[in-house]
1. List the extent of the Cα atoms of the chain along each of their three principal axes, largest first, rounded to whole Å.
2. Work out from phi, with θ = phi - 60° and the Karplus expression 6.51 cos²θ - 1.76 cosθ + 1.60, the ³J(HN,Hα) of each residue of the range 167-183, listed in order in whole Hz, and give x for Gly and Pro.
3. Taking the alpha-carbon set of the range 196-291, what are its Rg and Dmax in Å?
4. Would you mind checking which residues have amide H under 5 Å from residue 56's amide H? H placed 1.01 Å from N; only 5 or more apart, or other chain.
5. Kindly provide the chymotrypsin sites (Phe, Trp or Tyr not before Pro) of the range 138-209 that DSSP labels as loop, not H, G, I, E or B, and whose Cβ sees at most 15 other Cβ atoms within 10 Å.
6. Once you charge only the Cβ atoms, +1 for Lys and Arg and -1 for Asp and Glu, what is the size of the charge dipole of the chain about its Cα centre, to the nearest 20 debye?
7. Taking neighbour Cβ counts within 10 Å as the exposure measure, how do 234, 19 sort from fewest upward?
8. Could you work out [θ]222 nm for the chain from helices alone, using -39500 (n - 2.57) per DSSP H run of at least four and dividing by all its residues? Round to the nearest 500 deg cm²/dmol.
Amino acid sequence: MAAPASLENKVDDAIAAKIEQLDRHGYLFGQKITHSLSPLLHSTIYDGIGLNWEQMRLDSADMPLFLELIKHPKFYGSSVTMPNKVAIIPHLDELTPECRDVGACNTLFVREREDGSRIYCGTNTDVVGVRESFVQNVSDPDAVYHDRPALVVGGGGAARSAVYALRKWMRATDIYLVNRDKAEVDAVIAECTERGYGQGLYHVSTVAEARDLDAPGAIVACVPNFPPKTPEEIIAREVIVEFLSKDRKGAMLEMCYNPTPYTELAALAEDNGWQLILGTEAMIYQGLEQV
């Protein structure tokens, strides 16, 4: 089947030629995705079960282009990453509860009606990645994180996914939020509250506040691996260290894995006696859910 003229005009010759050779194709749609492991994960699974499918990188935030590309009859779906996770939502026909409640889509999949027309659906498998990272690695969740407070570091889309997973599946009581930007934390709390799972969310902004709180059982770190430089970043790091140094320990998922999963926060967690779960685990489990 020849690629539509509109497709050939909008993507480079290499992608158009690759589509010709495949039975089905999908995309990883986002920016700064050169080092993403998602295409490798998908290709490994497809090859293992004998499918001539491939997920291709589309390093772009051009939404009109993407919406044109997904009309191709061989298109099966797409991973969606920053900065497109929120921007894609108004263009979808259906959302799963996870996608709706988190307010971000990391997976687009296609359903066909009986008449052959297509429905474009969005879901969020990041929440599954968080949940399964703990479920598959912590041998005794009742002792480690069930019915205990939790801590989320960050204020972006991954932080929202972490809050959702901790609240919906992991039996977190209070959830502490630590981030350099108070406005981002306020937005997380407001949005989670509006969507029905914002109870017990608290911004912990000082070491003194952290010192007076019970130790978390689960920590999900959702920030890039940069050393703190600004006063706000330094204070946030000090708050995290205060939680890590408490007598009762737990498990920490470090969501950052690029360019290395062994981040500064990961080292701090291990040095303080915490069980460390690498971000590659979350990537694998959310990717398996996508496939």
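Any read-out appearing in this document is the output of simple, stated calculations on the displayed coordinates, not a laboratory observation. All values reported here derive from a predicted model rather than from experimental measurement. Cβ: placed from backbone, ideal geometry, glycine included. Neighbour counts: every protein chain shown.
1. 65, 38, 35
2. Whole-Hz 3J(HN,Hα) from phi for the range 167-183: 7, 7, 10, 10, 6, 5, 7, 6, 10, 7, 10, 10, 6, 6, 10, 4, 4.
3. Final numbers for Rg and Dmax: 14.2, 45 Å.
4. HN-HN under 5 Å from residue 56: 26, 27, 28.
5. Here the sparse-neighbourhood loop sites are 169.
6. Charge dipole, the chain, about its Cα centre: 160 debye, nearest 20.
7. Placing the least packed residue first, the sequence is 234, 19.
8. -11500 deg cm²/dmol
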